[in-house]
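Below: the structure, in structure tokens.
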Amino acid sequence: MSEHSVIPASHQDLLDSTALADIATIGPDGSPQVNPVWFGWDGKRVSFSQTKARQKYRNLHKDNRIALSIVDPANPYRYMEIRGKVVEFIEDPDKAFIDSMAKKYLEAG
């Protein structure tokens with residue numbers, strides 16, 4: 001698949017779900033660091049929130065390679081993986097993004 005592959009239709013639902021994404025970055029000693037996060041999908045890119053005080057944020061500024069996996073909550077043998085590089089860091093001073101994630105994850109029912 002090319003570097004700019006599209007998400008297969010068979011797994012699009014995972015990006016629209018309230019599953020957590022396991023985000024992997026490269027830590028200061030070169031070992032992987034993985035954490036589950038809330039994520040958003042706008043049809044083109046995956047977004048997630050990290051405060052500047054977190055190790056993952058520092059990891060991505062040092063080395064922007066990233067991988068994420070999302071496991072289907074209804075079938076743990078079905079998942080998707082996305083690998084690439086962080087394209088941009090966006091400030092969220094009014095907390096609009098994290099508020100939208102709280103609504104997505106906490107109001108899901």
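Out of the residues in region 31-64 that are out of contact with any strand residue (DSSP E or B) (no Cβ under 8 Å at 6 or more places or on another chain), small (G, A, S) and at pLDDT below 95, state the one that is farthest from I98 (Cα to Cα).
Going through the qualifying residues, I end up with G43.
In this structure, does I90 turn out to be surrounded by fewer than 10 Cβ atoms within 10 Å (Cβ to Cβ) and either at pLDDT 95 or above or among the aliphatic types (A, V, I, L, M) (or both)?
yes
Just to be sure, is M80 in contact with a Leu (Cβ under 7 Å, 6 or more places away or on another chain) and closer than 16 Å to F39 by Cβ?
Spelling it out, M80 is indeed in contact with a Leu (Cβ under 7 Å, 6 or more places away or on another chain) and closer than 16 Å to F39 by Cβ.
Considering only residues that are aliphatic (A, V, I, L, M) and within 15 Å of V71 (Cα to Cα), which ones fall in region 20-45?
Correct list: L20, A21, I23, A24, V34, V37.
For region 9-32, enumerate the residues that are under 22 Å from P73 (Cα atoms), surrounded by 10 or more Cβ atoms within 10 Å (Cβ to Cβ) and over 13 Å from the mean Cα position of the chain (by Cα).
H11, Q12, D13
When both residues are 6+ apart or on different chains and their Cβ atoms are under 7 Å apart, which pairs have a first residue that lies in region 53-71 and is acidic (D, E), and a second that is surrounded by fewer than 19 Cβ atoms within 10 Å (Cβ to Cβ)?
Here the result reads D63/I26, each pair linking region 53-71 to a residue that is surrounded by fewer than 19 Cβ atoms within 10 Å (Cβ to Cβ).
The values are calculated or read from the model by the stated rules, or taken from the named source; none is laboratory data. All values reported here derive from a predicted model rather than from experimental measurement. All Cβ positions, even for glycine, are placed from backbone atoms using ideal geometry, and neighbour counts span all protein chains on display.
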